[in-house]
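Okay, structure first, notes after.
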Amino acid sequence: MKKIVMIGCFDTKAEVFQYLYQQLTSLGSPILSINTGLFGSTELFPVNLENEELAAFVRQDLAELTKKGNRNEAVKVMAEAARQKIQQLVEMGEVGGVIGMGGGGGTYIALKAMQNVPFGIPKLCISTLATKDVSNLVGARDILLLPSVVDVAGRNSVIDTIITQAAATVHHLSKLDFTRETQQKRIAISMFGNTTKCVDRCTTLLRQEGFEVFAFHANGSGGKSMEEMIRAGFFDAVLDVTTTELADDLCDGICSAGPDRLTAATELGIPQVVVPGCLDMVNFGTLESVPNHFQERNLYQWSPDVTLLRTNEEENQELGKRLMAKLRGAEKRAVVVLPLKGISEIDREGSRFHDAFANQVLFDTIHSEAGSILPVLEQNKHINDPEFAHFLVETLLKCMNNGA
């Protein structure tokens, strides 16, 4: 029977973890408890994997770690050990869910430990940091964060309520069968507000062909999630309409998906059609948040808390190089398609971001970097024209059926 993995620092949080253990047990959940504490354990409930054994799993001596007095190093070691151990348990088919709880250190360890738990297996962390930005720890995982409201430091009526809710949540989610038999092939597609018309039309056409389509918002976390799920073998092909996260990565915008964006499909060798969608823009927050060196540039307030920066010729040249560098090695399974009349909704003739010269620099760079190795196709259409969407789908189907 699959178990709920209960992970935490049982040396300092024993009382609250005892209550969590009792709640899970009362619901009928079998538990595998892992102690990540640095300075001891507890006898309040059964501990299946003690901290010394966990540290030894990554060839570390817990006594030596604590003797050094470097808490930061010790926390990192225990987090990595927990991640590897839980990954092993997942591969053995023993994990039905994971639940953790803690303050700063406990949250770090729990969230890091959940990183290799596959999509669909419930992962929940009660945390004092749940209302803060912990996106760097959550990453692209489907982790549920539940604010502790009060500190995780002994029982009271508030934390008891939170723990009871959390136990019920992870218990019932672990009973759900999220798998379903399907013969449908699955397509990942990237979108933004400025490419919605294109993506909606492509989705309709692909569904008519019998595909299951998964749209990812190109806001940084969306791109990371898409890349991670591609690497997990979830998709049969990728229609990367909106590669705007590359522009944010270049100019330090708020929607960067990091250096691994646009690499997974190439690494796995699955068919992909790539469009330089929304490479005309970089995302920032409020107008005041735009860095000083960009304040005199072409800026567009998309909403009160989103300001777009129009990329220039120099940036577009670099973006063309970066895009093509990420596709090297995908020559037989990738095609780049260029919409010559505009790469975003606001990059139309007469619109605020329309800059034919800057676009041409981007297109010329893509052609130059591709050479004779990677196909680059042009369409004298705007990215949101219906005909462009039809062409993208036709091109993707050819890639899937015959290779690019």
Subject >> Condition met for Leu27 (touching a residue at least 40 places away in the same chain (Cβ under 8 Å) and hydrophobic (A, V, I, L, M, F, W, C)) >> reply: yes
Original post:
Is it the case that Gln60 is outside any loop (DSSP other than H, G, I, E, B), more than 19 Å from Gln165 (Cα to Cα), polar (S, T, N, Q) and without any contact (Cβ under 8 Å) to a residue 24 or more places away in the chain?
Top reply: no
Original post:
Any idea which of Asp11, Asp61 is closer than 19 Å to Tyr108 by Cα and either surrounded by 15 or more Cβ atoms within 10 Å (Cβ to Cβ) or of a type outside the set (Lys, Arg) (or both)?
Top reply: Asp11
Original post:
What number of residues within the stretch 219-237 are in a helix (DSSP H, G or I) and of a type outside the set (A, V, I, L, M, F, W, C)?
Top reply: 8
Subject >> Meets criteria (within 19 Å of Ala167 (Cβ to Cβ) and either hydrophobic (A, V, I, L, M, F, W, C) or not assigned by TED's automatic domain parsing to the domain that holds Thr161 (or both)) for Ile109 >> reply: no
Original post:
Could you list, in sequence order, the residues of the stretch 118-145 that are more than 22 Å from Gly233 (Cβ to Cβ) and part of a loop (DSSP other than H, G, I, E, B)?
Top reply: Thr128, Leu129, Ala130, Thr131, Lys132, Asp133, Val134
**OP:** Look at Thr25 and say whether it is at pLDDT 95 or above and more than 31 Å from the chain's Cα centre (by Cα).
**Re:** yes
Subject >> Single match in Thr128, Thr66 (criterion: at pLDDT below 90 and among the β-branched types (Val, Ile, Thr)) >> reply: Thr66
**OP:** Specify which of the listed residues (Phe216, Phe192, Phe211) is assigned by TED's automatic domain parsing to the domain that holds Phe391, touching a Cys at 6+ places or on another chain (Cβ under 6 Å) and either closer than 21 Å to Pro122 by Cβ or aromatic (Phe, Trp, Tyr) (or both).
**Re:** Phe192
Original post:
Which members of the stretch 180-213 meet the condition of being within 24 Å of Asp248 (Cβ to Cβ) and in a loop (DSSP other than H, G, I, E, B)?
Top reply: Phe192
Subject >> Of all residues making up the stretch 265-305, the number that are under 23 Å from the mean Cα position of the chain (by Cα), buried (at least 18 other Cβ atoms within 10 Å of the Cβ) and hydrophobic (A, V, I, L, M, F, W, C) >> reply: 10
**OP:** Filter the stretch 163-179 for residues that are in a helix (DSSP H, G or I) and of a type in the set (S, T, N, Q) and give the result.
**Re:** Thr164, Gln165, Thr169, Ser174
**OP:** With the checklist (1) assigned to a helix (DSSP H, G or I); (2) on the phi > 0 side of the Ramachandran plot in hand, flag the one item Leu319 doesn't pass.
**Re:** (2)
**OP:** Go through the stretch 173-215 and give me each residue that's under 22 Å from Gly342 (Cβ atoms) and surrounded by fewer than 23 Cβ atoms within 10 Å (Cβ to Cβ).
**Re:** Gly193, Thr196, Lys197, Asp200, Arg201, Thr203, Thr204, Leu205, Ala215
Original post:
So, in the stretch 146-162, of the ones that are over 28 Å from the mean Cα position of the chain (by Cα), in contact (Cβ under 8 Å) with a residue 24 or more places away in the chain and in a helix (DSSP H, G or I), which residue ends up nearest to Cys255 (Cα to Cα)?
Top reply: Ile159
Original post:
What is the residue count in the stretch 90-107 for residues that are in contact with a Lys or Arg (Cβ under 9 Å, 6 or more places away or on another chain), part of a helix (DSSP H, G or I) and surrounded by fewer than 20 Cβ atoms within 10 Å (Cβ to Cβ)?
Top reply: 1
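The values are calculated or read from the model by the stated rules, or taken from the named source; none is laboratory data. Remember, predicted model here, so these are calculated numbers, not experimental data. All Cβ positions, even for glycine, are placed from backbone atoms using ideal geometry, and neighbour counts span all protein chains on display.
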